[in-house]
Amino acid sequence: MLHATDLLGGEAYDRDGHFVGQITELFIEPADQPNRVSRFLLGRGKFLPLLARYDTVAFIAPGVIRLNVEEKDLEHYQPNEAWLAMRKDLLDQQIIDTSGRKVVRVNDIDLAEQRINGTVELRVTQVDVGLTGAARRLLHGVASAGFVRGLTTKLPTRVIPWEFVNLIEPDPLRRVKLRITHQKLERMHPADLADIMEELSPLERQSIIASLDEETAAEALAELDKRLTTQIVEGLAPQKAADILEEMQPDQAADVIADMTPEHSREVLSEMPGEEAREVRELLKFDENSAGGMMNTDFIYVGEAATRAEVVAWIKDMDVDLERLDTVFLIDKDAKFSGAVAVGRLLFAPPEEPMETLKMEPLLSVPPDAGDKEVFELFDKYNLHSLAVVDELGRPIGAIEVDDVVSRIRSR
């Protein structure tokens, strides 16, 4: 196995054995082959640098490459933003380890040789983020190759397979040219993705959120510190910000917008669909430390006379976030709040069982102006998962979830 540090600074010779230049960079062309070293940049002092293509390399060893062409057959170097440069873009740079779900720094790059039609191609196999890569970098050119190899065999190895590497590129145009996607990040749990983003710079966080799909971005932002969330959303184009906030729970979206500057909040709300914008504006009327400021207006309520089978069939036809559904609220014939049914009770109830007979006791609710202390005490005393918020006529207007309570307590 070779390493990037074995080659960078090495020498290149043409097919007649003439020195051509010093290897100053290795390029990958992701649009062609995502892991192949496609070109070697050869520095020549005061002369224009040359490029050796992968199919002109006949031999590779630490510190040297030999070509199968003459120097005159090599092309002059022209910068290309669609190429990934190992020294410039990878070594010493932060990357995301999507397997380990963390941000790491690249110390070296491991390369495998493949012999094809008389040439030698190099393929990136993994990146070294441990002491072995750091030692090779530190001792490169200072100690003998044998000494370095002997030392690194005694050090613990930390490597990440290339397929688990997700690059961080703030420039949106260059992301496209380098074919950088964040599909691997989109498969992560939102809490893990949020932890990763907290380790990045503001520009890097911005670039990742801007390139995620709206649903994943919304879930990750909901897990982030509120200050960071507001900072990120304010840095997005109003339409993109609105698309992401639409995927959030209304109470979460309202919390974000409440912390934005008036100018930004107006722009974002103007880009949201009418119904979503109306819900958020209604929530913004309440103090953030009140029941109204904590409640979510996206909740399930049904008539108490409905049967268990009718309710289950209705829920199946609705666009419901099943991971958050743990309580169904009931209303009487006058549309007043009359009870709450845990979803677990629905699982074992007979199909024709009226919902009214399944409701939990006691009947608990709070007005929207109730303070957060009162809400916390009710959740604690009755071990609640959800709590209804009712208006002055006793009609349910929202629900407070236990995760909202936990988030508020943690933020204090």
Using the charge dipole of the chain (Lys, Arg: +1 at Cβ; Asp, Glu: -1 at Cβ; taken about the Cα centre), state which of Val320, Ala399, Leu91 has its Cα farthest towards the positive end. Leu91
Placing each pseudo-label 7 Å from Cα in the direction of the beta carbon, Lys46 and Arg410 end up separated by a distance in nanometres of 6.3
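What percentage of the solvent-accessible surface of the chain, computed with a 1.4 Å probe over protein heavy atoms, is contributed by carbon and sulfur atoms? Before the final figure, lay out the partial values.
Values: 10530 of 20980 Å².
Reported share for carbon and sulfur atoms: 50 percent.
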If you average the alpha carbon positions of the stretch 371-396 and of the stretch 49-89, how far apart do those two centres end up, in angstrom? 68
Surface accessible to a 1.4 Å probe, per residue, for the residues of the chain, Å²: 51
Alpha carbons only, please: Rg and Dmax for the stretch 324-412, in angstrom. 13.7, 46
For the stretch 69-183, inverting the pair-averaged 1/r of distinct alpha-carbon atoms gives a Kirkwood value in Å of 16.3
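Put Trp314, Trp162 in order of accessible area, largest first, 1.4 Å probe: what do you get? Present the calculation step by step, with values, prior to reporting the outcome.
Values: Trp314 100, Trp162 40 Å².
Order by accessible area, largest first: Trp314, Trp162.
Sort the stretch 1-125 into rounded, prolate or oblate with this rule: let a ≥ b ≥ c be the square roots of the eigenvalues of the Cα gyration tensor; rounded if a/c is under 1.5, and if a/c is not under 1.5, prolate when a/b is larger than b/c, oblate otherwise.
On the way: a/c = 1.92, a/b = 1.64, b/c = 1.18.
Taking the square roots of the gyration eigenvalues as a ≥ b ≥ c, the stretch 1-125 is prolate.
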Along the charge dipole of the chain, pointing to its positive end and built from +1/-1 on Cβ of Lys, Arg, Asp and Glu, which listed residue (Ser290, Ala342, Gly133) has its Cα farthest out? Gly133
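Suppose only helical runs count, i.e. DSSP H with n ≥ 4. What mean residue ellipticity at 222 nm does that imply for the chain under -39500 (n - 2.57) per run, divided by all residues and rounded to the nearest 500 deg cm²/dmol?
Values: 18 runs with 149 residues, N = 412.
Helix-only estimate at 222 nm: -10000 deg cm²/dmol.
Just list whichever of Lys72/Lys177; Lys102/Lys184; Lys46/Lys72; Lys184/Lys226; Lys336/Lys359; Lys184/Lys316 have alpha carbons separated by over 20 Å in the model shown.
Values: Lys72/Lys177 30 Å; Lys102/Lys184 13 Å; Lys46/Lys72 17 Å; Lys184/Lys226 25 Å; Lys336/Lys359 15 Å; Lys184/Lys316 30 Å.
In this structure, Lys72/Lys177; Lys184/Lys226; Lys184/Lys316 lie more than 20 Å apart at Cα.
Given +1 on the Cβ of Lys and Arg, -1 on the Cβ of Asp and Glu, and no further charges, what dipole in debye does the stretch 242-362 carry about its Cα centre, rounded to the nearest 20? Please report the intermediate quantities before stating the final value.
Numbers: 11 positive and 29 negative charges, 106 e Å.
For this selection, approximately 500 debye.
Kirkwood Rh, the stretch 146-268, all Cα pairs: how many Å? Show your work: numbers first, answer last.
On the way: mean 1/r = 0.0625 Å⁻¹.
It works out to 16.0 Å.
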Counting only DSSP loop positions in the stretch 62-95, the GluC sites (Glu not before Pro) whose Cβ has at most 16 other Cβ atoms within 10 Å are Glu70, Glu81
Please list Thr261, Thr157, Thr230 from largest to smallest accessible area, probe radius 1.4 Å, with all protein chains kept in place. Thr157, Thr261, Thr230
For the stretch 234-288, take N as its residue count and report Rg(C-alpha) divided by 2.2 N^0.38 Å. 0.97
In cubic angstrom, how much convex hull volume per residue do the alpha carbon atoms of the chain span? 199
Just to verify a number: what accessible area does Phe40 come out at with the full protein assembly present, 1.4 Å probe, Å² rounded to tens? 0
Report, ordered by chain and residue number, the aspartates and glutamates lying within cross-link reach of Lys154, taken as a straight Cα distance under 18 Å and ignoring same-chain residues fewer than 8 apart. Asp108, Asp110, Asp128
Can you give me the Rg/Rh ratio for the stretch 99-138, using Cα atoms for both radii and the Kirkwood formula for Rh? 1.13
At R0 = 60 Å, FRET efficiency that the Cβ-Cβ distance of Gln33 and Thr307 yields, to 0.05: 0.50
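The values are calculated or read from the model by the stated rules, or taken from the named source; none is laboratory data. The model shown is predicted, which means the values in this text are computed figures rather than measured ones. Quick reminder, even Gly has a Cβ in these numbers, built from the backbone with ideal geometry, and neighbours come from all protein chains shown. SASA here: full protein model, heavy atoms, side chains in, ligands and nucleic acids out. Shrake-Rupley method; radii C 1.70, N 1.55, O 1.52, S 1.80 Å.
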